[in-house]
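Throughout, read-outs are computed from the coordinates displayed, never taken from laboratory work. Worth saying up front: this structure is predicted, and the values here are computed from it rather than measured. Note: ideal-geometry Cβ built from the backbone for every residue, glycine included; neighbour counts use all protein chains shown.
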Amino acid sequence: MPNDAVARIVSELEKVVTLMRQASMQRGLRPSHYLRFCLPPSRMEMAILIALAETYGQAIVDNPRFYPVLSFVAERGGVALVQEVLFGDSISRPKPHGESDSALLSLLAEVRPAFEFLCGTWPEIFMPQANTVFRRLGAPALTRLMTKQTKRQPRCIGPSDGQASAA
């Protein structure tokens, strides 16, 4: 999909999420409920909206079956959506009476790889709650996949590295 089409779709998604948040606040939600959200989506939420736009195209805006996804982002945030899709509903919030978002999860199955990439890139954003659950279960915490690679020596040394005289 061309970049300009993705940018247009993301702009539409940003407007929809912002309007949904404004409407929720006007309906009487306590302001403290929204302290963790920016009215317009945050930079991280924009990355999530980009992943959705690249995966589903204009359908993410036009198709009514995606309304619950946009509502979820507006009400609970994009990070919670990624956590819900990748880790399941018990990570982001427990549901009463065993309810499940299986329809939401199956609807977003195609975007999982993009969400996994975001999660691996910013584990400190997406995994703190998951790590808490893993620790409770006695499992090791999730860490950034690239940690071993970042400790490698650079392949080429340039003058800006301060090691130019070593050559």
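Multiply the residue gap between residue 20 and residue 8 by 0.36 nm, knock off their C-alpha separation, and tell me the result in nm, one decimal place. Please list the in-between numbers first.
Details: separation 12, 0.36 × 12 = 4.32 nm, distance 1.85 nm.
Difference between extended and current length: 2.5 nm.
Were the residues from residue 103 through residue 46 laid out at 0.36 nm apart, the gain over their Cα-Cα distance would be 18.2 nm.
Mind giving me the FRET efficiency for residue 27 and residue 143? R0 is 45 Å, r the Cβ-Cβ distance, nearest 0.05 is fine.
Values: r = 41 Å, r/R0 = 0.90.
It comes out at approximately 0.65.
The slack between residue 76 and residue 129, meaning 0.36 nm per residue of separation minus the straight C-alpha distance, is 17.6 nm.
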